[in-house]
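Everything below concerns the one structure shown next.
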Amino acid sequence: DRFDDIVWIASEKNGIDAYNYKTRIFTHYEHDFSMQNNSLAANGVTHITDDGKGNLWLATYMSGIDFFDKKTGQFTHYNQSNIEGLVSNYNWYVMPDSESKIYVGHVTDGLSIIDLNTKTALNFKHREADPNSLPDNTVTCIFKDSQKRIWVGTRNGLALFDPETQRFTNFKHN
């Protein structure tokens, strides 16, 4: 965590832990069925990243994306029930791009870009006949480089995404 003295640890089935390395104290967060809207959406967390302001975004394996406001301790859930057009709640990766755009890499359903202002999703999938589509529907990582290019890692190659044209340039090992 670049804002606090904390190392965040995601787990496959047991939520997340925050280890404060100055105080040597662990804080555990998990899904609480008695307060579903104010707890972690699911205990399977596949990726954690910050928003550049001290808060966290979490990809869950089966319950969408969570935003964690560290000041209030509140989780906000983004999933198929409240994001129109979102193709899947099964995710490997999340990358906030701006105040209102979140890139999501799905387990088997490609890439989605969630617009937080309109609560809608734009989805991209591999199409066999289209060389400018994703190289595969399993998106394992997303990265925005210093030139503001969006790189998408899949299990079948790397793609450079152009948000203006909504096309991909694919890079595969021969």
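The values are calculated or read from the model by the stated rules, or taken from the named source; none is laboratory data. Nothing here was measured: the structure is a model prediction, and the numbers come from that model. Reconstructed Cβ throughout: ideal geometry from the backbone, glycine too, with neighbour counts over all protein chains shown. These area figures cover heavy atoms from the full protein model, side chains too; ligands, DNA and RNA do not enter into them. Shrake-Rupley method; radii C 1.70, N 1.55, O 1.52, S 1.80 Å.
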> Residue-wise, which Karplus ³J(HN,Hα) couplings in Hz belong to the stretch 125-135, taking 6.51 cos²θ - 1.76 cosθ + 1.60, θ = phi - 60°, and x for glycine or proline?
Replying inline: 10, 5, 10, 3, 7, 10, x, 9, 9, 4, x
>> Can you list residues from other chains, or at least 5 along the same chain, whose modelled amide H is less than 5 Å from the amide H of C141?
In response: G153
>> Give me the tail of P(r) for the stretch 120-169 as a percent: Cα-Cα pairs with distance above 16 Å.
In response: 36
> Taking amide H positions as placed 1.01 Å from N in the peptide plane, with prolines and chain starts having none, which residues 5 or more places from T46, or on another chain, fall under 5 Å of its amide H?
Replying inline: A59, T60, Y61
> Can you give the Rg and Dmax of the chain based on its C-alpha atoms, in angstrom?
Replying inline: 16.4, 55
> What percentage of the solvent-accessible surface of the chain, computed with a 1.4 Å probe over protein heavy atoms, is contributed by carbon and sulfur atoms?
Replying inline: 48
>> Explain nothing, just the number: dipole magnitude of the stretch 5-103 about its Cα centre with +1 on each Lys and Arg Cβ and -1 on each Asp and Glu Cβ, in debye rounded to the nearest 20.
In response: 220
> How much area per residue is accessible in the stretch 14-164 when the probe is 1.4 Å and only protein heavy atoms are counted (Å²)?
Replying inline: 51
